[in-house]
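Below you'll find the structure, written out as structure tokens, and then a few comments.
The values are calculated or read from the model by the stated rules, or taken from the named source; none is laboratory data. Given the structure is predicted, the values throughout are model-derived calculations rather than measurements. A quick note on method: Cβ atoms are made from the backbone with ideal geometry, for glycine too, and the neighbour counts reach across all protein chains shown. Accessible surface is based on the protein model in full, side chains and every heavy atom, while ligands, DNA and RNA are left aside. Shrake-Rupley method; radii C 1.70, N 1.55, O 1.52, S 1.80 Å.
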Amino acid sequence: MPREEMEVAPPLEYLSILDEEGDLDQELEPDLDEEELVQMYRTMLRARRFDKLLLEWQRGGRIGTFAPVSGQEASQIGAMSAARDEDWFVPSFREIAAFLWRGGDPVDMTLYNAGWNEGVAIPEDARDFPISIPVASQLPLATGLAYAIRLRGEDDVAMTFFGDGATSEGDFHEALNFAGTFQLPVVFVCQNNQWAISVPRERQTASETLAQKGLAYGIPGIQVDGNDILAVRVAADEAVKRARAGDGPTLVECVTYRLKVHTTADDPSRYRDEEEVERWKERDPIPRFRRYLEKKGILDEGEADEMTDSVEEELGGVWEEAEERIETLGGPDVMFQHVYADLPPHLERQRKWFGTDEEENDNG
Amino acid sequence: MAEMTMVEALNHALRQEMERDESVVVLGEDVGEVGGVFRVTDGLVDEFGEDRVVDTPVAEAVIVGASLGMAVNGLRPICEMQFSGFSYHAMHQIENHVARFRWRTRGRFPAPMVIRMPYGAGVRALEHHSESREVFFSHIPGLKVVIPSGPRLARSLLVSAIRDPDPVIFMEPKLLYRQFREEVPEDEEAHPLGESRVAREGSDLTVVAWGAMLPRTVEVAEEIAEEEGIEVEVVDLLTVSPLDSKPFTESVRKTGHAAVVHEAQRSWGPGGEIVARIMEDSFWYLEAPIQRITAPDVPVPFFAREEAYLPDKDRIRKGFRAALEA
């Protein structure tokens, strides 16, 4: 009848590969194809640029509230790039960078942000879930996708994204426990961006890390420098490999920072110091990765600048294209589409409210 | 007297009740430092401290469940669901404990608490932020469901909700948060729960409305009076549950015509109960079918189409006309 220390889980790991100067630990450096590295960098630039445009459009009243991604590009692209196209992408509401990596169309996202349901039409071949706003509610969905993958004998993976605040919700704990119990092929990517609207990470949980929350559910957890795209990629590669091999889920905590507002409805100056933001700007994932690519000789300065320009040019026409699309969209009765497989008679009657003098009391 | 928006009036009620009764506590996501995403709790943390104005983790189930524990143990919690769309995370606490704790404990542990939540469409919000789900809560025995229609009543109803011996779901129509100002007296004012009011008197048609639909319903009533001499009586529910039906069923005995306006979806919506009460109590006085002027039975569309979704003045007027036929 002893009282003794128990070993309940493997020790938690922390991973960082690339420092702020773009120097790296060569032993940890992943062996990635140059073309892919360039693609990752370009997508980071696209996300940053698109974020800026969305913010301008929001301030100009062209679109509604949205949640900027700036600062979290490495976490999202580092993780998402570890998945194949056939794997499932289950986002929260800030995954602009992951969305672009998946081949998402900025015009669609613009439509979504301008308040048009057509913006979330998922292309036929994409295994992408729509933006999910209620915090942590998408995690159980990813778990179900993963259960079906296993039952159908496939080797795909479900990758889901969420923030530090989400780890407080019941859905987070239920999803992790379920995934752990059935050893499901799901990768939980937590972007710990330090702030859940106005509540700092240390007021969200007394837990020292978020990664360790996996351990209680029998899920390996790893904390990585979320502004180091190589570290995120390595951790995600391992997690995806584990899931694909049938060895269960992983919780990856990316330590990162939300450089801008929670959403455009928010004013961070009410709760956080500009100094803190400045400190994190020095750890911006984009220049860090650029320095790495330059040091490796993958991109020279001119090419990197040129890429910035070409991204700007590419996205320069998005608003005009979105406006053109909006012109083609249907009227209010579009809201009756996709409510059911077949529109029930009473809804068919209600649809006629718009543009006719039908009596409302007629139930069909 | 000061002119206040609904946000300011609610803040005023919270501040006065916290001053009056030190057992009153406020908790929720971002209610402290930033004063709530709509600023309803603005400044309270500076005045009453972090122990009484609590920024919680993002976890609605525990916000509501813990509020019940606090209520049973001597506090008067007012918890905030950041948007009504996030209250579903807490639905099992509301249904299984909050609504029936008095009943479950044979009266030993009542749960005097308020669950505040902004709700409703019309402010270009994101998905899941615009629903009008008063029936979710009204269908649960043991809860009171309150919806103000203007700043002054918002203040006086919130005061009553805080002092009520039973749990109150206090739904705030966010379209009206800053839409207009009203005089709100500095002195205490408490409108009793369970009492509707006649917002406009009339003799030709009885219309029931509440929340964000109330101001536009009254506007149409004024227009139709001026243009056509038709006098519409508008009853503002204020408390959706328990439903104070006598004022509108008696009004129908006078007018012989009735309509209900709500932004909730039509089928199984609050209009169904209101129409049933009229049929039960005043059927023999009706001269025409009752009209429901509501949102259609579809999810609230993204905001580019939300104005078409909400009953607007044209549809309200069309509904009035149909209710007046025969």
- request: Pick out, from segment B:255-326, the helices (runs of 4 or more DSSP H) lying fully within it that include 2 or more residues that are more than 22 Å from B:GLU172 (Cα to Cα) and basic (Lys, Arg).
  value: B:313-324
Filter result (farther than 27 Å from A:ASP164 by Cα and within 14 Å of another protein chain (Cβ to nearest Cβ)) within segment A:24-58: A:TRP57
message: Are there helices (runs of 4 or more DSSP H) fully within segment A:216-331 with at least 3 residues that are without any contact (Cβ under 8 Å) to a residue 24 or more places away in the chain and within 14 Å of chain B (Cβ to nearest Cβ)? List them.
response: A:318-328
statement: A:GLU174 meets each of (1) over 15 Å from the mean Cα position of the chain (by Cα); (2) away from chain B (no Cβ under 12 Å) with one exception, condition (2)
message: Give me the residue from segment A:177-205 that is of a type in the set (Val, Ile, Thr) and facing another protein chain (nearest Cβ under 10 Å) and, out of that set, farthest from A:LEU145 (Cα to Cα).
response: A:VAL199
statement: Across (1) assigned to a strand (DSSP E or B); (2) away from every other protein chain (no Cβ under 12 Å), B:ALA111 clears everything bar (1)
query: So which residues in segment A:91-114 are touching a residue at least 40 places away in the same chain (Cβ under 8 Å), closer than 22 Å to A:ILE286 by Cβ, open to solvent by less than 30 Å² (accessible area, probe 1.4 Å) and more than 14 Å from every other protein chain (Cβ to nearest Cβ), if there are any at all?
result: A:GLU95, A:ILE96, A:ALA97, A:ALA98, A:LEU100, A:PRO106
Any chance B:LEU157 is in the same structural domain as B:GLU22 (by TED's automatic domain parsing), farther than 27 Å from B:MET70 by Cβ and out of contact with any helix residue (DSSP H, G or I) (no Cβ under 8 Å at 6 or more places or on another chain): no
message: Checking the structure you have, find out if any residue of segment A:126-146 is at pLDDT 95 or above, of a type in the set (Gly, Ala, Ser), in contact with an Asp or Glu (Cβ under 8 Å, 6 or more places away or on another chain) and outside any loop (DSSP other than H, G, I, E, B).
response: no
task: From B:GLY43, B:GLY36, B:GLY85, grab the single residue that is in contact (Cβ under 8 Å) with a residue 40 or more places away in the chain, in contact with a Gly (Cβ under 9 Å, 6 or more places away or on another chain) and assigned by TED's automatic domain parsing to the domain that holds B:TYR177.
output: B:GLY36
statement: Per the filter on segment B:275-285, residues surrounded by fewer than 18 Cβ atoms within 10 Å (Cβ to Cβ) and among the hydrophobic types (A, V, I, L, M, F, W, C) are B:ALA276, B:MET279, B:PHE283, B:TRP284
query: When B:VAL168 is evaluated against the numbered criteria (1) over 30 Å from B:GLU22 (Cα atoms); (2) away from chain A (no Cβ under 14 Å); (3) touching a strand residue (DSSP E or B) at 6+ places or on another chain (Cβ under 8 Å), which criterion, by number, is the only one it fails?
result: (1)
task: Could you please let me know if B:GLY229 is open to solvent by 10 Å² or more (accessible area, probe 1.4 Å), over 22 Å from the mean Cα position of the chain (by Cα), more than 11 Å from chain A (Cβ to nearest Cβ) and on the phi > 0 side of the Ramachandran plot?
output: yes
task: Within segment A:269-301, track down each residue that is open to solvent by 40 Å² or more (accessible area, probe 1.4 Å) and over 15 Å from A:ASP23 (Cα atoms).
output: A:SER269, A:ARG270, A:ASP273, A:GLU274, A:GLU275, A:GLU276, A:GLU278, A:ARG279, A:LYS281, A:ASP300, A:GLU301
- line: In segment B:103-152, anything of a type in the set (Val, Ile, Thr) and open to solvent by 20 Å² or more (accessible area, probe 1.4 Å) is listed as B:THR105, B:VAL123, B:VAL135
- line: Subset of segment A:184-196, residues open to solvent by less than 20 Å² (accessible area, probe 1.4 Å) and within 17 Å of the chain's Cα centre (by Cα), comes to A:VAL186, A:VAL187, A:PHE188, A:VAL189, A:CYS190, A:GLN191, A:ASN192, A:ASN193, A:ALA196
statement: By residue number, the members of segment B:42-76 that are assigned to a loop (DSSP other than H, G, I, E, B), at negative phi and open to solvent by 50 Å² or more (accessible area, probe 1.4 Å) are B:ASP42, B:GLU50, B:ASP51, B:ASN73, B:LEU75
Condition met for B:SER23 (more than 14 Å from chain A (Cβ to nearest Cβ), in contact with a Cys (Cβ under 8 Å, 6 or more places away or on another chain), in contact (Cβ under 8 Å) with a residue 12 or more places away in the chain and not aliphatic (A, V, I, L, M)): no
task: Name the single residue, out of those in segment B:300-317 being in contact (Cβ under 8 Å) with a residue 24 or more places away in the chain, open to solvent by 10 Å² or more (accessible area, probe 1.4 Å) and touching a helix residue (DSSP H, G or I) at 6+ places or on another chain (Cβ under 8 Å), that is nearest to the other protein chains (Cβ to nearest Cβ).
output: B:PHE302
- request: Please work out if A:ALA9 is open to solvent by 30 Å² or more (accessible area, probe 1.4 Å) and aliphatic (A, V, I, L, M).
  value: yes
- request: Take B:MET91 and decide whether it is modelled with pLDDT of 95 or more, under 19 Å from B:HIS139 (Cα atoms) and either surrounded by fewer than 20 Cβ atoms within 10 Å (Cβ to Cβ) or within 14 Å of chain A (Cβ to nearest Cβ) (or both).
  value: yes
- prompt: Picking from A:PHE172, A:PHE178, A:PHE162, which residue would you name as being in a strand (DSSP E or B) and crowded, with 19+ Cβ neighbours inside 10 Å?
  reply: A:PHE162
- line: The residue that is nearest to B:ALA121 (Cα to Cα), considering only those in segment B:238-254 that are within 15 Å of the chain's Cα centre (by Cα) and assigned to a loop (DSSP other than H, G, I, E, B), is B:LEU238
field: Conditions (1) open to solvent by less than 10 Å² (accessible area, probe 1.4 Å); (2) in contact with a helix residue (DSSP H, G or I) (Cβ under 6 Å, 6 or more places away or on another chain); (3) of a type in the set (Phe, Trp, Tyr); number of the one not met by A:TRP88
entry: (1)
task: Pairs only if they're at least six apart or on different chains, beta carbon under 8 angstrom, first in segment A:339-350 and over 12 Å from B:ARG266 (Cβ atoms), second in a helix (DSSP H, G or I) and open to solvent by 60 Å² or more (accessible area, probe 1.4 Å); list them, first residue then second.
output: A:LEU343/A:ARG351
task: Note down all Cβ pairs under 7 Å where the first residue falls in segment A:150-162 and is under 12 Å from A:VAL186 (Cβ atoms), the second is assigned to a loop (DSSP other than H, G, I, E, B) and open to solvent by 70 Å² or more (accessible area, probe 1.4 Å), and they're at least six residues apart or on different chains.
output: A:ASP156/A:GLU86
